[in-house]
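Rule-based calculations on the coordinates, nothing more; no lab input. Values in this document were obtained by computation on a predicted structure and should not be read as measured data. Neighbour counts run over all protein chains shown; Cβ positions are idealised from the backbone, glycine included.
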Amino acid sequence: MLEIIPIPALTGTYDNYIWILHDGVHAIVVDPGDATPVLAYLQAHRLDLLAILVTHRHGDHINGIPKLREVYNTRVYGPRSEMIPTVTHQIGEGDHIEIDELGLRFDIIHVPGHLPEHIAYIGNGMLFCGDILFGCGCGKMFVGTPAEFHYSLQRLAALPDDTKVYCAHEYTESNIRFALLCEPENIALQQRQRDTRALRRQDLPTLPSTITLEKATNPFMRCAEPEIVAKVMRRLDLAAPPMDEIAVFTALRAWRDDC
C-alpha cells in the first residue's frame, strides 16, 4: 500500500514539506531541499530510494540532492534547465514518467509564473505542485508575468475536483488570513480557517488539500468572484472594475506581497 509522508524541513525559515512516497520497500522523494531528514526517514524505514522529483531550481527544493545521490545514486527528474545541474533526466510539458515498482505514472505540465522552468507532476489522483500553488495561496512571482501565473493556476483548477494537492510549504494558516481580507463572507473559507487552526494546534499538516477546496477558498483561483473584485477595486481606488481576471490576479499578488 502506498504511503505519502510529509517530512518537515527548514522549519522556521521556509517551513518546507519534502514528500516521500513509498510502499514499505521502495520510495521516491519530491523536492528535497535538505537531505538530513530524508536520509533519516529512509534509513529508519529501510527504504530504497528509486527517484527524486524536482519542480524548480530554488535551493529549498534541491539542496539535498547531492547528498542523497551520494548514498543512493538514484535518478533525478526535473525541468529542462541548466540551472539545476543535479537533474539526470530532464522533462517538460507533455512528458510523463513511470515508477514501475510503485505503480505510479506522472504526467508533466509546465507551470511558469513563480519561475520560468517550474513544472508540476500530475497522476494517480495527486498533484505535486512545488511553489506554484499553496494551500489557500500561491508562490511569489520571482521571474514571470501575471498572465503566465494566472494561466498556470487555471490549468491546475481544471484538474479533477478530487485531485489531492501536495504543496511544498506549510503556509496555509497565514494564507487564509490574507484570503479573509479578500473575501470575508466566504463560508467555505471561514470553515477552512477553523479546520486549519485545529490541525495546527495538534502540529499536524494542513496538506494535502484538494482542487475542490482550493477553488472554493483560494483567492488566486477566484479572481472573478464579485467580493474579491470589489476588494481589489477598493484597494486600488478604482471607479470601474479591473478589465479582466489577470488584472485582478496582478493586484492580489501585489497586495499579498505587502502583507
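Some observations on this one:
- Rounded to the nearest 20 debye, the dipole magnitude of the range 1-141 is 220 debye, with +1 charges on Lys and Arg beta carbons, -1 on Asp and Glu beta carbons, and the Cα centre as origin.
- The 3J(HN,Hα) values that the Karplus relation (6.51, -1.76, 1.60; θ = phi - 60°) gives for the range 214-231 are, in residue order, 5, 5, 8, 9, 8, x, 6, 9, 10, 5, 9, 5, x, 5, 5, 4, 4, 5 Hz. Gly and Pro appear as x.
- Relative to the current alpha-carbon distance between residue 161 and residue 227, full extension at 0.36 nm per residue lengthens the span by 21.5 nm.
- Electrostatic dipole magnitude of the chain [Cβ: Lys, Arg +1; Asp, Glu -1; Cα centre; debye, to 20]: 520
- Extension gain from residue 86 to residue 2, taking 0.36 nm per residue of separation minus the Cα-Cα distance: 27.6 nm
- Here the gap between residue 23 and residue 239, fully extended at 0.36 nm per residue and compared with their Cα-Cα distance, gives a gain of 72.1 nm.
- Note on the chain: dipole from Cβ charges, positive end direction compared against 228, 121, 76; the farthest Cα belongs to 228.
- The long axis of helix 172-182 is offset from the longest Cα principal axis of the chain by roughly 20 degrees.
- Each Cα pair under 8 Å and six or more residues apart adds its sequence gap; the mean of these over the residue count of the chain is a relative contact order of 13 percent.
- Counting only alpha carbon atoms, the long axis of helix 245-258 and the longest principal axis of the chain meet at about 80°.
- The antiparallel fraction among DSSP beta bridges confined to the chain stands at about 65%.
- Degrees between helix 35-44 axis and first principal axis of the chain (Cα, 0 to 90, nearest 10): 60
- Positive-end residue of 106, 49, 24, charge dipole of the range 16-115 with Cβ unit charges: 49
- Residues 182, 167, sorted so that the one with the fewest Cβ neighbours within 10 Å comes first: 182, 167
- Correct option for mean projected area of the Cα convex hull in nm² [calculated from the coordinates] among (1) 27.0; (2) 15.5; (3) 13.4: (3)
- Applying both filters, DSSP loop and at most 11 other Cβ atoms within 10 Å, to the trypsin sites (Lys or Arg not before Pro) of the range 45-95 gives 46.
- Rounded to the nearest 20, the Cβ-based charge dipole of the range 106-259 about its Cα centre (Lys and Arg +1, Asp and Glu -1) stands at 380 debye.
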